[in-house]
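*Asks:* Handing you this structure, nothing more for now.
The values are calculated or read from the model by the stated rules, or taken from the named source; none is laboratory data. None of these values were measured; they are calculated from a predicted model. When we count neighbours, we look across all protein chains shown, and the Cβ atoms used for this are built from the backbone with ideal geometry, even at glycine. These area figures cover heavy atoms from the full protein model, side chains too; ligands, DNA and RNA do not enter into them. Shrake-Rupley method; radii C 1.70, N 1.55, O 1.52, S 1.80 Å.
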Amino acid sequence: MDPNGGGDTILGDPLLPLSQSSKQQQDPLAGVSDYLGRSVHRGSSGGWRSALFVVGVEIAGSFAYFGISANLITYLTGPLRQSNASAAASVNAWSGTACIMPLLGAFLADAYLGRYRSVIIACTLYVLGYGMLTLSATVPALQPSHMPCREDGVSSSSCQPGWPQVAFFYVSLYLIAIAQGADKPCGLAFAADQFDAEHQGERASRGSLFNWWFFCMAIGISVSVSVVGYIQEYVGWGLGFGVPCAIVLCAFLVFLLGTPTYRLYAPTPEAKSPFRRLARGLAANANKTGGLSASHSEEEEAAADARCVLRLLPIWAASLAYGVVYAQIMTLFNKQGRTLDRHIGDGLELPPAALQTLGPASILLFVPVYDRAVVPALRWATGNPSGLSMLQRVGAGMAVSLAGVAVAALVEARRLAMAREHGLVDDPSATVPMSWAWIVPQYAMMGVADVLAVVGLQELFYDQMPDGLRSLGLALYLSVMGIGGFISSLLISLIDGVTGSGGGDSWFADNLNRAHVDYFYWLLAGLSAVELALFLYFARSYVYKHKPN
């Protein structure tokens, strides 16, 4: 990705004569306008020059969101005085809302608002939500810790925040969740809109965009988990909430600066009733007897759109197990790491939170290698400009994910064996004499799987949806991760109840040295194997909307 215009230097088709390529740059783009509704030309709009403005605001959004979510449970059990169970339920409800809201946000963007306006609304809500969070931690009248204490009539006093302070906090928090709904399905789609899928050079650049997009998200997550988490723990919650607010505000202003260069697509009328249009398309397919004529073009269009969506549904369903495995990265992987020896050399000890950056770090290392070395090699071998087709890329990521969770199971089995060997089974706070480096491979493999599968799913659900429903397509991709997380929670609850009954140790016992998380990992490996087999079956018969890039 060349910020100086590397992507834009190929906007003229190199296969065309110079005069024809120059004319192509000056011809108005069909169905595209600028923010004032005027026609736009290829040479003066879109491309990397525009996409980078959007990437900037998305980096800021990821930075802010993970800076809050990674440590939210600590704030709830601290200043808000919630129990661990109540705090966990609150975090799950909030993050679940943030995962579901993109479905609504995508519908509104595709049908009424357009992606540019949706990003504007999202940024506005981000600034408002993070600003209110900052006020809740800095203004005395809004701070939970400044509420008066009441005697409980026993031996001590308990300070409980009043409902106005709690309500103010949660309103600000859910404004951020609503902003996620407007931002997540539209930000990436709007950046991809800056590249013309019908132009060979721009289409190749768009494929590169999905790689570098994920690379930039990894930067935002890595920095936020380490820096913002440290500020919240050791400096103060006011500054810990204020830094994400300031970052989002600055990125919003930069995004607005790119407005004159953006390519805008008007909302499509059919997006206002996608399910009715889908039903009409299904009926058209069912009743098609060869009697349709050109006068039935609307029905034919609806039928084509219906086929696009229906073809994606099996792929979506076959990807849910990937979302279940993905959910373990910030939970069980983290618990594994906390029990290991985290020393580097004789003195430095890594904080537990630092281990969470291993996944994003592997993404940062692999994306440039994949984009600049692996893709050219695969392009030479397969003849595909993108190296692998979108479905091949997703399948490769699922295979790596399966291998990663199997490695995690083997490492956990060794950790349990080391705990037994050194008599640490009944000491849950003991450090197992096993280096933290043992868990690096599973983090690295999941990072590589993300670069392949997650980016592949993003591009697939953007590219293969009907043109007017692409934000909805990205919302469906996001729902894979959200629903995968809910399935993971359900599985853990069910298995915990079954294995912990009768007085035995649960697979997820509080004392991890008596638990069997390795069994759970093997179960996930089995689910991943079934998922991969189903995915390959559906992918083999999948018909692309148009020839894969």
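*Asks:* Which value in nm describes the separation of the simple spin-label points at Ala304 and Ala246, placed 7 Å from the Cα toward the beta carbon?
*Replies:* Each label point is offset 7 Å from its Cα along the Cβ direction, giving 5.1 nm.
*Asks:* Next question. Express in Å², to the nearest 10, the accessible area of Ser226 obtained by rolling a 1.4 Å probe over the protein heavy atoms while all chains stay in place.
*Replies:* Here the residue's solvent-accessible area equals roughly 60 Å².
*Asks:* Which value, in Å to one decimal place, does the Kirkwood hydrodynamic radius take for segment 309-542 when every pair of different Cα atoms is included?
*Replies:* 19.1
*Asks:* Determine the order of Trp212, Trp163, Trp316 by accessible area, beginning with the largest, at a probe radius of 1.4 Å.
*Replies:* Ranked from most to least accessible, the order is Trp163, Trp316, Trp212.
*Asks:* Quick one: order Tyr234, Tyr537 from most to least accessible surface, probe 1.4 Å.
*Replies:* Descending order: Tyr234, Tyr537.
*Asks:* If r is the Cβ-Cβ distance from Val227 to Val440 and R0 is 25 Å, what FRET efficiency results, to the nearest 0.05?
*Replies:* It comes to 0.70.
*Asks:* To continue, here is another question. With the other protein chains left in place, how much accessible area per residue, in square angstrom, belongs to segment 309-542 at a 1.4 angstrom probe?
*Replies:* 41
*Asks:* To the nearest 0.05, how large is the calculated FRET efficiency for Val530 and Val374 if R₀ is 41 Å and r is the Cβ-Cβ distance?
*Replies:* 0.90
*Asks:* With r defined as the distance between the Cβ atoms of His343 and Asp510 and R0 fixed at 35 Å, what FRET efficiency is calculated, to the nearest 0.05?
*Replies:* 0.90
*Asks:* Further question: Roughly how many Å² of Glu349 are accessible to a 1.4 Å probe, to the nearest 10?
*Replies:* 90
*Asks:* If I model a spin label at Ser501 and Glu198 as a point 7 Å from the Cα along the Cα→Cβ vector, what separation in nanometres do I get?
*Replies:* Taking the simple label geometry, Ser501 and Glu198 are separated by 6.2 nm.
*Asks:* Ignoring ligands and nucleic acids, what accessible area does Ser44 show with a 1.4 Å probe (Å², nearest 10)?
*Replies:* 70
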